[in-house]
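K.L.:
What follows is a single structure, and I will ask about it in a moment.
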Amino acid sequence: MTRDGALRPAVVVVGGSRGIGRAIAKVAAREHAVVVLVARSPDGLAAAATDVKEAGGEPLTFELDLLAVDASARLQDFLAANDLVCDVLVNSAGYGLRGAATTLARDDQLGIIDLNIRALSDMTLRFLPGMVARGRGGVLNLGSIAGFTPGPGMAFYYASKAFVRSFSQALHQELRGTGVTVTCVAPGPVATEFLERSGADRAALFKILPKLDSHYVAERAWRGFKSGRRLVVPGISAKLVAVAATLLPSALLLPLIGRLQRRSGDPCLCGSGKTFKECCGNRHARRRPGTLTE
Ligand SMILES: NC(=O)c1ccc[n+]([C@@H]2O[C@H](COP(=O)([O-])OP(=O)(O)OC[C@H]3O[C@@H](n4cnc5c(N)ncnc54)[C@H](OP(=O)(O)O)[C@@H]3O)[C@@H](O)[C@H]2O)c1
């Protein structure tokens, strides 16, 4: 609490234990902010807290599984117990899965909706009204260039990021004149654990595109957020992809993305248990709807 009894403003980084969230926390810490790092892994949180301290900020860590239904309420209680209010919310937690939707585990795919969409929305709705009442602060949401197009081969992930972009931009407009801002940052591939965990690193698309450094993305994201930008697309290659995804006809774009995100070793869509190459190869693409046999 400050000397006059007011609660202290904090930058809350959800998904701050590694990757882009951890890098954004470090950038925010340069402004001597109180930075609350939120994630599940104690080791990751401790390492990120050291970064924040070294950069001049005051770190606090909170272990939280965002998939818990009461996650945002628990975070709010934690802040209140430490005499803090959420002044800036960074929603960086998220995951993706590469593979055809019919071959990936159902629960893992639904988890993408729970984390990338539901938890992000829950956190935003929990803390945004307080920011509006105080007339300051804002939300920085991690979208992706994946949010500019449907993504065959990573269908749930691309769809979740389309939600983040749409939701963030709509809020940005709604909040005009309130002193509160919402920014969506939409990077292309970034060199973090995300790429390996999602399996995206094995797809041609992610091999072709250059991988950005998480600190570069964090700097761009923070600067864009501070200047009240609605959307930040860091790097030239990501900007080109975003423009191409907007301009190219779907009939061209979707087969291209599908092909670049599939590997011949992927399981076949027909459920034979064989790989795509060993089994149906390219025949699915040529079959007409409703045709059961060749
Ligand atoms: N890397 C890329 O190529 C890339 C490109 C564009 C957009 N993005 C987006 O940027 C964001 C950050 O990605 P990243 O590359 O930094 O990924 P990352 O290195 O895998 O980090 C993900 C963060 O989310 C946290 N997290 C995951 N599940 C959680 C849960 N259930 N509860 C609490 N925390 C959870 C992780 O912490 P714990 O595991 O400790 O809980 C970690 O701090 C994501 O939304 C991603 O979609 C990434």
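We did not get these values from a lab; they are worked out from the coordinates using the rules stated. Just so it is clear, the model here is predicted, and its values are computed rather than measured. Cβ atoms come from the backbone with ideal geometry, glycine included; neighbour counts cover every protein chain shown.
K.L.:
Pairs Lys161/Lys239; Lys26/Lys207; Lys53/Lys161; Lys26/Lys239; Lys26/Lys226: which exceed 21 Å Cα-Cα?
P.N.:
Violating the 21 Å limit, Cα to Cα: Lys26/Lys207; Lys53/Lys161; Lys26/Lys239.
K.L.:
What FRET efficiency, computed as 1/(1 + (r/R0)^6) with R0 = 51 Å and r the Cβ-Cβ distance, is obtained for Asn82 and Arg106, rounded to the nearest 0.05?
P.N.:
In this case the efficiency is close to 0.85.
K.L.:
Considering only the chain, what is the antiparallel percent among its DSSP beta bridges, to the nearest 5?
P.N.:
Here the share of antiparallel DSSP bridges comes out near 5 percent.
K.L.:
Same structure again: Between Thr275, Ala218, Leu84, whose Cα lies farthest towards the positive end of the dipole of the chain when Lys and Arg beta carbons carry +1 and Asp and Glu beta carbons carry -1, centred on the Cα centre?
P.N.:
Thr275
K.L.:
So which trypsin sites (Lys or Arg not before Pro) in the stretch 1-105 end up in coil per DSSP with only 16 or fewer other C-beta atoms within 10 Å?
P.N.:
Sparse-neighbourhood loop trypsin sites (Lys or Arg not before Pro): Arg3, Arg30, Arg40.
K.L.:
Under a no-solvent Debye model with one identical scatterer per Cα of the chain, what's log10 I(q)/I(0) at q = 0.09, 0.14 Å⁻¹?
P.N.:
The calculated log intensity ratios at q = 0.09, 0.14 Å⁻¹ are -0.46, -1.00.
K.L.:
Quick check for me: using +1 on Lys/Arg Cβ and -1 on Asp/Glu Cβ, what's the dipole size of the chain about its Cα centre, in debye to the nearest 20?
P.N.:
Using Cβ point charges on Lys, Arg, Asp and Glu, the chain gives about 1240 debye.
K.L.:
Can you tell which of Ala245, Gly135, Gly44 lies farthest toward the positive end of the dipole of the chain, using +1 and -1 charges on the Cβ of basic and acidic side chains (Lys, Arg; Asp, Glu)?
P.N.:
Towards the positive end, the residue furthest out is Ala245.
K.L.:
Across all directions of projection, what mean area in square nanometres is found for the Cα convex hull of the stretch 217-263?
P.N.:
4.3
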